[in-house]
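**Q** Mind looking over this structure? Questions follow.
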Amino acid sequence: MSSLLWVRAWGVAEILTRNDGPASRSRHREPEHPLPWEDAPACAGELRVQIAAAPPEPVHSAITTALAEDRPLAVRVALQPPYTWSVAASTDQLPHSGPAFVEELTKRPRLLLAGATDLAAILATLAGPLHRRTVVLDPRPGHIAAGAFPDTATTIRAWPDDWITRHPLHADDAVVTLSHDPRIDDRAIRATTATTHAQSA
């Protein structure tokens, strides 16, 4: 199978092709003149790109499972032949021989909605495409069982501060208070501000 990638930096255009083997390169230079609205070149470096096939088993299954189950995973691919792939629970457990590209697949950030209201249902729907794990917290049984939330949201009957204490917040998490009941909202805000992580609104 053939693949083609066009990479362009300032004054340099490079074409990389691959036909079931190592990538081959062709490069040519263009006139190095700024565009009419530029005072100087926006980029004067050279960009090197590696094209690699999808990872083999069992690495492929490990990545797929981590994404499906929302588990962290560290992935490494060597930048020199034979471009070996490896995975581990954390980056410090990966091999460290030779240059490599390393990526950490982290757990999805959470969006905690305190108060199972109509507005919370709208926010839960909007959060789906944003790759956030949405949790709706409300101690009131009638509100939490209303059935107005999308399947992508998890609804939990609990006081927000109790739940946050059992499930500590992370730096990318966000908490939104929507019940308009100070008995619920204030407890969520206090639990959120008690930690240096997360954002509240």
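**Q** Going by the structure shown, is Pro55 part of a loop (DSSP other than H, G, I, E, B), of a type outside the set (Phe, Trp, Tyr) and free of Cβ contacts under 8 Å to residues at least 12 places away in the same chain?
**A** Judged against the criteria, Pro55 is not a match.
**Q** Separate question: With (1) out of contact with any Leu (no Cβ under 9 Å at 6 or more places or on another chain); (2) within 26 Å of Thr152 (Cα to Cα); (3) among the aliphatic types (A, V, I, L, M) as the list, and Ala66 as the residue in question, which single condition is left unmet?
**A** Result: Ala66 passes all but (1).
**Q** If you go through segment 130-155, how many residues are touching a Lys or Arg at 6+ places or on another chain (Cβ under 7 Å) and either among the aromatic types (Phe, Trp, Tyr) or in contact (Cβ under 8 Å) with a residue 24 or more places away in the chain (or both)?
**A** Adding up the residues that qualify gives 6.
**Q** Looking at Ser26, is it at pLDDT below 90, among the polar types (S, T, N, Q) and farther than 30 Å from Gly142 by Cβ?
**A** yes
**Q** Separate question: Yes or no: Ala158 in the same structural domain as Ala188 (by TED's automatic domain parsing), assigned to a loop (DSSP other than H, G, I, E, B) and either free of Cβ contacts under 8 Å to residues at least 24 places away in the same chain or of a type in the set (D, E, K, R) (or both)?
**A** When the stated conditions are applied, Ala158 passes them.
**Q** Which one of Ala188, Ala121, Ala127 is under 10 Å from Leu111 (Cα atoms) and in a helix (DSSP H, G or I)?
**A** Ala127
**Q** Something else about it: Scan segment 139-152 and tell me whether some residue there is at pLDDT 90 or above and of a type in the set (A, V, I, L, M).
**A** Checked segment 139-152: no residue is at pLDDT 90 or above and of a type in the set (A, V, I, L, M).
**Q** Report the residue count in segment 61-74 for those that are over 14 Å from the mean Cα position of the chain (by Cα) and β-branched (Val, Ile, Thr).
**A** Count: 2.
**Q** Based on this model, can you work out whether Thr134 counts as part of a helix (DSSP H, G or I) and polar (S, T, N, Q)?
**A** no
**Q** Out of Thr134, Thr125, I need the residue that is out of contact with any Leu (no Cβ under 9 Å at 6 or more places or on another chain), of a type in the set (Ser, Thr, Tyr) and surrounded by 13 or more Cβ atoms within 10 Å (Cβ to Cβ). Which one?
**A** Thr125
**Q** Right, here's the next one. Applying the selection to segment 83-118, what residues are assigned to a strand (DSSP E or B), of a type in the set (A, V, I, L, M, F, W, C) and surrounded by 19 or more Cβ atoms within 10 Å (Cβ to Cβ)?
**A** Trp85, Val87, Leu111, Leu112, Leu113, Ala114
**Q** If I go through segment 168-192 residue by residue, how many of them are under 20 Å from the mean Cα position of the chain (by Cα) and surrounded by fewer than 17 Cβ atoms within 10 Å (Cβ to Cβ)?
**A** Total satisfying the criteria: 4.
The values are calculated or read from the model by the stated rules, or taken from the named source; none is laboratory data. Just so it is clear, the structure is predicted and the values come from calculations on it, not from any experiment. Counting neighbours? That spans all protein chains shown, and the Cβs are built from the backbone with ideal geometry, glycine included.
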